[in-house]
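Participant: Quick one: the structure is below, questions incoming.
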There are 2 protein chains.
Amino acid sequence: MSPTNAPAGAVRQASLRELNLALVLGRIAAADRPPSRADLATATGLTRATVSAVVEDLLAGRLVAEAEPAPRAGAGRPARGLVLADRGPAGLGLEVNVDYLAVCVVDLAGKVRHRTVHRADLRPVAPAEALALLVELAGQARADAARQGLTLAGAALAVPGLVDDAGLVRLAPNLGWRDVPVPALLAGHPPLTEQVPGVPALVVDNEANLAALGELHSRPPGPASFLHISGEVGIGAGIVLNGALFRGVRGWSGEIGHLPVHPQGLPCRCGGRGCLEQYAGQEAIVAAAGLARAELPADTATARLAELAEAGDAGALRALEEAGTALGVAVAGVVNLLDLDTVVLGGGYAPLAPWLCPPVLAEIASRVLTAAWSPVTVRPATLGAEAAAVGAAGSVVRQIVAQPAGWLARTG
Amino acid sequence: MSPTNAPAGAVRQASLRELNLALVLGRIAAADRPPSRADLATATGLTRATVSAVVEDLLAGRLVAEAEPAPRAGAGRPARGLVLADRGPAGLGLEVNVDYLAVCVVDLAGKVRHRTVHRADLRPVAPAEALALLVELAGQARADAARQGLTLAGAALAVPGLVDDAGLVRLAPNLGWRDVPVPALLAGHPPLTEQVPGVPALVVDNEANLAALGELHSRPPGPASFLHISGEVGIGAGIVLNGALFRGVRGWSGEIGHLPVHPQGLPCRCGGRGCLEQYAGQEAIVAAAGLARAELPADTATARLAELAEAGDAGALRALEEAGTALGVAVAGVVNLLDLDTVVLGGGYAPLAPWLCPPVLAEIASRVLTAAWSPVTVRPATLGAEAAAVGAAGSVVRQIVAQPAGWLARTG
DNA sequence: CACAAATAATTCAATCGTTGAACAAATAGT
DNA sequence: ACTATTTGTTCAACGATTGAATTATTTGTG
């Protein structure tokens, strides 16, 4: 009912091969076991002759490799299965956060092949200095990747704030960054990766969005639509709808912290009253649990809360119960509005999920119209530490899989 | 950052022409003034030779027509502009609502070429009987369309309830319909339209969704993302994101009536407390304005409210102010969550928009973080009466424009 | 009036990617 | 050794797009 058939521009003779390369490579990427050329012909509807020609290109470009044939019964020539190559293109993921820099390399199959985390308080550090250090770490990652037979095809950088289309970090309050021209600051350094047609050299994006994208594309495949909530000082959400991140009109979607859960409640810095952030934001939980809130970095406060809850501390348990209830009120509204069936707790909420999930689920059960016959799942995020950096690297390799022709044009 | 390049299936030689037909026809449909073949070649990137060949097919299939050349200065052969044909395919839109049946025919350019409304109370009428009457009205519309040189290429039916993918109306509470197999009931009647490859003979969908789609595609073009709210007994919304209707995991998105605006407030039939419907639903507004609620059909209650408000009736004005405020609380949350900049008031809210907009805007101003520097528009829907039927017919012709090859295959 | 310049549209042979049928490769079964 | 089966490759036909040349149609100038 929503026709999306018209292409954006001219479809040429050469477009046939480009699109069928993407089709076949995507099918190989999505397969549960290595498909043969004959399998791919059946699955795609292309002839065996065409599939063989396409696969020949993919093999020559180091995008796929032939697997050992699986044992089978019956007559017939043994099939050679195809897998994504583990020596070929890879994506570089970078992250600047409040108390760490992270760099990782993810290969075509989504496997993390390199990971570096540099722990430091980045708040007093100038953006240019932080980025220079990140470039150094990226260089080390690139060398390590080369030793593993990988070529970095592009990079994505995650930052905890609002980023515009051109990579200008408009505001990252917890870092103290405002209007930081990241691409310009990095332009004075050597390139981080190879140049690949169709793949931008660097994309800068919000870390909650990249974590949500990482969750979307993690294996085994999960739902195509879900709400991914990051609990920090502010509460952010990545809204994934029908397999795509919904960014909103200006790229600022996911602002869940100012959904009203008590409209005549506590005043909020946004000017409204009773906003979710006042009840379930990290500072609110910490205060309600009776912890001293100054001096504790974000990760430590979360870890401390989890320890106390694990030990049965009544104050911590009550604080988490109340936060979970407030979170559940907001989440139920979102679930009703968008008809979602999965809520993922990430960021600072992930380690607290055992205590947050029950009250969230209780509110959903009482407020979501369809909860009785169509249950909603609330679970912690599957990507672990540095989810945003891993999600960032993953977004690069997904571009290669979606448009292999650019990579092939580069390698001849 | 969200690669969508891989096609769903094999791309063939014939796919080239199919896709370029859609490209060129879509460009003609979207143009402000009739484009020439040379204009289209420049705009699409195809060669003039290819555009001429494609246009020849479109002309032969009665999808486009040549316009009178516009007067111009300077040397050169006069260009012949191209427009969507006004004698060719059209879409049939049908609607079953509580107190009327509606049938309309919309041509390729989006113009309503036939409109019939049959007023009656449909609640005591069996589904099969209501549909039989609708088929009769549709037959008359088809004959009228034929007299105007139009061929009906497909039909869509709007109903006020939940519909599954197969056209089974699961629940339409205001009509008293439950699990009504609409396609099966219509199968015993003659076909409503011609058979066109790629266009389903009949699609059944929720009326709020179809009205939102109609709004999306009305002219002049408006925003690609907006919240379209229909105020009736229940409050439904069509959520249009990036030019597509977001339906949710099970097709039940847009349930805004149970967003909490007073969490410790009035109990709701959903089991929650303080839901929007209890404050801004039609019954709530009518009761707050002091009107007798029995015996008044929906349209009449809305009209009566508008009259009273126009006349300055204090009770009606206060009721609308309060409803608007509650609506604003909910809407602000949605706007924050999804980063939208447009809210459209349709259905029963459209005639009440002059009084609902100010309090909605006030709540948005105080609760939406970005309202100060990026204003949100709240406005009544542009499609008038029978918006859902018009939206339904429009969805059929948009399929033709998006996939003209099916129509051309039918007409040789 | 003839010619040049400018713009729109058509003609035509070359190119390229997919196709379907035939063929080759590699196995199990009789 | 031969047949049946499945996988993968070879090859000429086909159709859509291309780029260059040509034709069509106008205005402007000498």
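Participant: Count the net charge of all other residues whose Cβ sits under 13 Å from the Cβ of B:Val344, scoring Lys and Arg as +1 and Asp and Glu as -1.
Facilitator: -1
Participant: Among B:Pro173, B:Thr193, A:Leu92, whose Cα lies farthest out toward the positive end of the dipole of the protein assembly as shown, if unit charges sit on the beta carbon of Lys, Arg (+1) and Asp, Glu (-1)?
Facilitator: B:Thr193
Participant: What is the dipole size for the protein assembly as shown, taken about its Cα centre, with +1 at each Lys and Arg Cβ and -1 at each Asp and Glu Cβ, in debye to the nearest 20?
Facilitator: 2440
Participant: Now for a separate question. With a 10 Å cut-off between alpha carbons and a GNM built on chain B, which of B:Ala387, B:Ala38, B:Ala14 moves the most?
Facilitator: B:Ala14
Participant: A further question follows. Would you work out if the protein assembly as shown is rounded, prolate or oblate? Take a ≥ b ≥ c from the square roots of the eigenvalues of the alpha-carbon gyration tensor; rounded if a/c is under 1.5, else prolate when a/b is larger than b/c, oblate otherwise.
Facilitator: The shape class here is oblate.
Participant: Rounded, prolate or oblate for segment A:221-380? Axes are the square roots of the Cα gyration tensor eigenvalues, ordered a ≥ b ≥ c, and the cut-off for rounded is a/c under 1.5.
Facilitator: prolate
Participant: A follow-up question, please. Below 14 angstrom from the Cβ of B:Ala141, what's the summed charge of the other residues (Lys, Arg +1; Asp, Glu -1)?
Facilitator: -2
Participant: To the nearest 10 square angstrom, how much accessible area does B:Ser15 have with a 1.4 angstrom probe?
Facilitator: We get 20 Å² for B:Ser15.
Participant: Which percentage, to the nearest 5, of the DSSP beta bridges contained in segment B:221-380 is antiparallel?
Facilitator: Of all bridge pairs located within segment B:221-380, approximately 55 percent are antiparallel.
Participant: Where nothing but the Cβ of Lys and Arg (+1) and of Asp and Glu (-1) is charged, how large is the charge dipole of segment A:126-197 around its Cα centre, in debye to the nearest 20?
Facilitator: The calculation lands at about 80 debye.
Participant: Pull up all non-local amide H partners of A:Thr151: gap of 5 or more, or a different chain, and H-to-H distance under 5 Å with H placed in the peptide plane.
Facilitator: For A:Thr151, whose amide H was placed from the backbone, the distant partners under 5 Å are A:Gly88, A:Ala90.
Participant: Can you list the DSSP H helices in chain B whose Cα atoms extend at least 15 Å along the helix axis and whose mean Kyte-Doolittle hydropathy is 0.5 or higher?
Facilitator: Sorted by number, the helices that extend far enough and score high enough are B:13-30, B:48-60, B:314-338, B:353-367, B:387-402.
Participant: Total Å² of accessible surface buried at the B-A contact, 1.4 Å probe, nearest 100?
Facilitator: Accessible area lost upon association: around 6100 Å².
Participant: Return one whole number: the accessible area per residue of segment A:13-84 in Å², for a 1.4 Å probe.
Facilitator: 54
Participant: Follow-up question, since we're still on this one. Residue by residue through B:220-228, how many Cβ atoms from other chains fall within 10 Å of the Cβ on average?
Facilitator: 1
Participant: Put a point 7 Å out from Cα along the line to Cβ at B:Pro221; what are the distances to that point in the other copies, in nm, shortest first?
Facilitator: Copy-to-copy label distances at B:Pro221, shortest first: 3.1 nm.
Participant: To check you understand DSSP bridge types, tell me what percent of the beta bridges within the protein assembly as shown (both residues inside) are antiparallel, rounded to 5.
Facilitator: 65
Participant: Taking each residue of B:240-246 in turn, how many C-beta atoms of other protein chains fall within 10 Å of its C-beta, and what is the average?
Facilitator: 5
Participant: Given H placed on each backbone N at 1.01 Å, which residues far from B:Ser36 in sequence or on other chains put an amide H within less than 5 Å of it?
Facilitator: Here B:Leu82 satisfy the definition.
Participant: Within segment B:157-263, report the trypsin sites (Lys or Arg not before Pro) that DSSP leaves as loop and that have at most 16 other Cβ atoms within 10 Å.
Facilitator: B:Arg250
Participant: What are the ³J(HN,Hα) couplings of segment B:103-111, residue after residue, when phi is run through the Karplus curve with 6.51, -1.76, 1.60 and θ = phi - 60°? Round to Hz, x for glycine and proline.
Facilitator: Residue by residue, segment B:103-111 yields 9, 9, 10, 10, 8, 4, 7, x, 7 Hz.
Participant: Roughly what % antiparallel, to the nearest 5, for the DSSP beta bridges in chain B?
Facilitator: 65
Participant: With every protein chain left in place, what is the accessible area of A:Ile364 in Å² (1.4 Å probe, nearest 10)?
Facilitator: Result for A:Ile364: roughly 0 Å² accessible.
Participant: Under 5 Å between amide H atoms, partner at least 5 residues away or on a different chain: which partners does B:Ser230 have, H built in plane at 1.01 Å?
Facilitator: For B:Ser230, whose amide H was placed from the backbone, the distant partners under 5 Å are B:Gly236, B:Ala237, B:Gly238, B:Gly346.
Participant: Right, here's the next one. Suppose the chain between B:Ala49 and B:Leu133 were pulled fully straight at 0.36 nm per residue; how much longer would it get relative to their current alpha carbon spacing?
Facilitator: 25.2 nm
Participant: Sort A:His118, B:His217 by accessible area with a 1.4 Å probe, largest first.
Facilitator: B:His217, A:His118
Participant: Take every Cα pair under 8 Å in chain A that's 6+ residues apart, average their separations, divide by the length, and report that relative contact order as a whole percent.
Facilitator: With pairs under 8 Å counted, the relative contact order is 17 percent.
Participant: Can you work out the FRET efficiency for the pair A:Ala303 and A:Thr116, with r the C-beta to C-beta distance and R0 = 30 Å, to the nearest 0.05?
Facilitator: E between A:Ala303 and A:Thr116, to the nearest 0.05, is 0.90.
The values are calculated or read from the model by the stated rules, or taken from the named source; none is laboratory data. Note that the structure is predicted; figures quoted are calculated from it, not measured. Using ideal geometry, Cβ is built from the backbone for each residue, glycine included, and neighbour counts are taken over all protein chains shown. All accessible areas refer to the heavy atoms of the entire protein, side chains included, with ligands and DNA or RNA removed. Shrake-Rupley method; radii C 1.70, N 1.55, O 1.52, S 1.80 Å.
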